[in-house]
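Since every read-out is calculated from the coordinates, none of them should be taken as a lab result. Because the structure is a prediction, the values reported are computed rather than measured. Quick reminder, even Gly has a Cβ in these numbers, built from the backbone with ideal geometry, and neighbours come from all protein chains shown.
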Amino acid sequence: MRIDPVVGLMDELDLAYVSLAEARDSKDWDATRRELAAIANLHACLRETEPSTVIGAAHLLREAAALLLRSNAPYYGDRLRDVASRLDEGHRAFPDLIWLRNVRGALAAGDCGRPGENAAELLALALKGASRPVLLYRNMAPPVAQDAPVASETRI
């Protein structure tokens, strides 16, 4: 089974942030600029990548929540993190999906300014990933043919 592309991008982002911190600590300004460019590129890729699982959708919801915490809507950010936690646990609730669709519409309409519009783009992608059917893969051994017991003959 392939890994969710959003999960892979988030891992790359984590590594890029670690490299950025190391470059800043060593005062290597060229490396710092390269890492900042890489982080900007990864964030741009993240805005265009559709998650293939609810785990990837949860990552996008956390990114959207981080955008909204900088705006004047911390309630939305808190609620988005709660929904992301439920998705991580495997609980995909219908009321959460309805709330996400309504919030996406409000944010796209400009409720929270530019950060809200950016978060709405991430919510649209997260909704696609969260709405996908969940596929379960089970590895079962094929049935083994057993010899049928032979009836013993009884003589009277």
Which of the residues belonging to segment 71-113 are within 16 Å of the chain's Cα centre (by Cα) and basic (Lys, Arg)? 79, 81, 86, 92
Mind listing just one residue for me: the one in segment 79-102 that is within 20 Å of residue 46 (Cα to Cα) and touching a helix residue (DSSP H, G or I) at 6+ places or on another chain (Cβ under 6 Å) and, of those, surrounded by the most Cβ atoms within 10 Å (Cβ to Cβ)? 80
When the residues of segment 96-113 are filtered to those that are among the hydrophobic types (A, V, I, L, M, F, W, C) and outside any helix (DSSP H, G or I), which remaining residue is farthest from residue 63 (Cα to Cα)? 109
Just a yes or no: is a residue in segment 20-33 in a helix (DSSP H, G or I), closer than 20 Å to residue 116 by Cα and free of Cβ contacts under 8 Å to residues at least 12 places away in the same chain? no
Please list, ordered by first then second residue, the pairs with beta carbon atoms under 9 Å, 6 or more apart or interchain, first in segment 92-105 and under 15 Å from residue 132 (Cα atoms), second surrounded by fewer than 13 Cβ atoms within 10 Å (Cβ to Cβ) and of a type in the set (Val, Ile, Thr). 92/134
Restricting to segment 80-95, name every residue that is closer than 21 Å to residue 7 by Cα and in a helix (DSSP H, G or I). 80, 81, 82, 83, 84, 85, 86, 87, 88
